[in-house]
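*Asks:* The following block contains the structure, expressed as structure tokens.
The values are calculated or read from the model by the stated rules, or taken from the named source; none is laboratory data. Fair warning: this is a prediction, and the values are worked out from it, not measured in the lab. Cβ atoms come from the backbone with ideal geometry, glycine included; neighbour counts cover every protein chain shown. Remember, those area values only see protein heavy atoms, side chains included, never the ligands or the DNA or RNA. Shrake-Rupley method; radii C 1.70, N 1.55, O 1.52, S 1.80 Å.
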Amino acid sequence: MSNEAQSPTIQFLGAAGTVTGSRFLLACGSTKVMVDCGMFQGLKELRLKNWNPLPIDPAEVNAVVLTHAHLDHCGYLPKLVKDGFRGDIHMTQFTAKLAEVILLDSARIQTEDAKYAAKKGYSKHNPPKALYEEADARKAVSQFNAQPFHTRVQIAEQTFVTFHPSGHILGAAFVEVEFFGKRLLFTGDLGREHHPLLVNPDHIPAGKYDAVITESTYGDREHVPVTTDFEVAINKTVQRGGSILIPAFAVDRTEVILVQLRELMEAGKIPRIPVYADSPMALKALAFYRQAIDSSSAEIRPEIIEKWKNKDPFSIGTLVELTSVDESKTINDPQQPCIIISASGMGTGGRVVHHLRNMLPKEKHTVILVGYQAVGTRGRNLVEGATEVKMRGEMVPVKAEIESIQSFSVHADGDELIAWMQTETEAPGQVLVVHGEAGVAETFSDRIKSQLGWKSHAPHDGEIVRL
Ligand SMILES: [Zn+2]
């Protein structure tokens, strides 16, 4: 084999020019390791990419490493397994628990969508088929291999990984990868320094890196400081007899919102009205967050464990957890002021769709968007002032008040990413910027070059870079 074929490379199989589909393939000789194995989400042209075959045979991949449980980082795993991948999937303990819930839910959605497409007669497949099914998701879960933080483990020939807390969601890590003598750092999604429950992201372990592969979701902007907008919006709505709908990502955002609501109620800043958590996946995730607190996990802030161990930081007594669809229906178009937190966070699926359909046409209600809204989603359309949105083939008028509150973000912004990277003791060989929408990754890459003086590049989809 030539030297060229033996020198380690990284190929970008997603999250290049977009924030979804994180998949990075490390290759050297016959060794192949994938870091993250995410699904494309958002615009149809992106979603269709989930059907494109990989440029390699999945059976040739030796191992997969996951940074965290979000679908855009793990959602392609069942498809990889279905297509022949038989290796171990390495991740942290809570990522394993959360990813299992997320993958099974994803399989259910894939199957339901295929059935719906069959009924409506639209699909590029005839008969319509699911990207993967529950059995594929269960098979993927059986290949999970949970690892502790801060422990160097060998996962393939000349390949070692170490997970470090990234403060993004429970279980989330940035990952140090040693691959055939090259030292790499994958940021995954980097959190912020003031998550109400999770410890701050670790500093970057000392020493020289050959490459840093960094996210850039908010690389072109800074988060707004925390304001009173959230409580103002709630109070205004309650005063006019309306209710508040908060579409929220099931994992982490729901927990962050619940903590905030409890604090506001405790301080008397908003009334103690019922809070409904209406997402089966969010409730399962909530149980894992409670488990993390009660078991004194090192991922949880010590002050939270001290104050809340075996108590409930998520409720002041007004939280109602709705598990069944029948229970969910009892809060359709609420007549008494209440707060409904439901997934998905961008209004694209899940129970929140029914609530949007019921509540958007009424002026008295308010929809508060608290997370990143990708291009092409209903959430993004609402933030951009749409006067009607399409739902299941029908146009629904938007009369409710729409608020967008950015301060809940669990992604570092441009300044925070740069500040974190500066904790690196030596300039890396190169920085490869991914996980940003078109133009954002380039903007952030330019900033790394000008501000830090480091070599930086935003790879395009499919690009292979020598390490
Ligand atoms: Zn994430």
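*Asks:* Once phi is turned into θ = phi - 60°, what whole-Hz ³J(HN,Hα) does the Karplus curve with 6.51, -1.76 and 1.60 give for every residue of the stretch 393-398, x standing for Gly and Pro?
*Replies:* My calculation for the stretch 393-398 gives x, 10, 8, 10, x, 9 Hz in order.
*Asks:* Report the trypsin sites (Lys or Arg not before Pro) located in the stretch 270-308 that are in a DSSP loop and have at most 14 other Cβ atoms inside 10 Å of their Cβ, or state none.
*Replies:* Values: sites: R272, K284, R290, K307; in loops: R272.
Those satisfying the criteria are R272.
*Asks:* Roll a 1.4 Å probe over the protein heavy atoms and report the accessible area of E321 in Å², nearest 10.
*Replies:* 70 Å²
*Asks:* Could you work out the local net charge near A427, counting Lys and Arg as +1, Asp and Glu as -1, over the other residues with Cβ closer than 12 Å to its Cβ?
*Replies:* Details: positive: K208, K449, K455; negative: D210, E424, E426.
With Lys, Arg at +1 and Asp, Glu at -1, the net is 0.
*Asks:* While we're on this one: Report, in degrees rounded to the nearest 10, the 0 to 90 angle that the Cα long axis of helix 93-120 makes with the longest principal axis of the chain.
*Replies:* 70 degrees
*Asks:* Along the charge dipole of the chain, pointing to its positive end and built from +1/-1 on Cβ of Lys, Arg, Asp and Glu, which listed residue (V431, F249, A412) has its Cα farthest out?
*Replies:* The listed residue farthest towards the positive side: F249.
*Asks:* Largest first, what is the accessible-area ranking of R262, R138, R183 with a 1.4 Å probe? Please report the intermediate quantities before stating the final value.
*Replies:* Details: R262 15, R138 120, R183 50 Å².
Correct descending sequence by accessible area is R138, R183, R262.
*Asks:* Tell me the mean residue ellipticity at 222 nm calculated for the chain from its helices only (DSSP H runs of n ≥ 4, each -39500 (n - 2.57), averaged over every residue, nearest 500). Let's see the in-between values first.
*Replies:* Numbers: 15 runs with 137 residues, N = 467.
Estimated from H runs of four or more residues: -8500 deg cm²/dmol.
*Asks:* Also, quick follow-up: Can you flag which of K208/K309; K49/K362; K79/K284 are past 28 Å Cα-Cα?
*Replies:* Details: K208/K309 39 Å; K49/K362 37 Å; K79/K284 24 Å.
Correct reply: K208/K309; K49/K362.
*Asks:* Using only protein heavy atoms and a 1.4 Å probe, report how much of I418 is accessible, in Å² to the nearest 10.
*Replies:* 0 Å²
*Asks:* Enter the angle in degrees (range 0 to 90, nearest 10) between the Cα long axis of helix 253-266 and the first principal axis of the Cα atoms of the chain, meaning the one along which they spread out most.
*Replies:* 40 degrees
*Asks:* Okay, next question. Please identify every one of the trypsin sites (Lys or Arg not before Pro) in the stretch 320-390 that sits in a loop by DSSP and has no more than 16 other beta carbons within 10 Å of its own beta carbon.
*Replies:* Numbers: sites: K329, R351, R357, K362, K364, R378, R380, K390; in loops: R351, K362, K364.
When the trypsin sites (Lys or Arg not before Pro) of the stretch 320-390 are filtered for loop state and at most 16 Cβ neighbours within 10 Å, K362, K364 remain.
*Asks:* Of all GluC sites (Glu not before Pro) in the stretch 351-398, which ones are in loop regions per DSSP and have a Cβ with at most 14 other Cβ atoms within 10 Å?
*Replies:* Working: sites: E363, E384, E388, E394; in loops: E363, E384.
Of the GluC sites (Glu not before Pro), the ones in loops of the stretch 351-398 whose Cβ has at most 14 other Cβ atoms within 10 Å are E363, E384.
*Asks:* What accessible area per residue, rounded to a whole number of Å², is obtained for the chain using a probe radius of 1.4 Å? Can you show the working numbers first?
*Replies:* On the way: 18770 Å² over 467 residues.
Accessible area per residue: 40 Å².
*Asks:* With all protein chains present, how much of the accessible area of the chain (probe radius 1.4 Å) comes from carbon and sulfur, to the nearest whole percent? Walk me through the numbers on the way to the answer.
*Replies:* On the way: 9340 of 18770 Å².
Whole-percent figure for carbon plus sulfur exposure: 50.
*Asks:* Right, next: Suppose a student asked you for the relative contact order of the chain, using Cα pairs under 8 Å spaced at least 6 residues apart; what percent would you report?
*Replies:* Numbers: 1043 pairs, mean separation 86.7, N = 467.
Relative contact order, the chain: 19 percent.
*Asks:* Oh, and also: Cβ under 9 Å from L170's Cβ, L170 left aside: what net charge do those residues give with Lys, Arg +1 and Asp, Glu -1?
*Replies:* On the way: positive: K97; negative: D252, E255, E299.
Residues close to L170 contribute a combined charge of -2.
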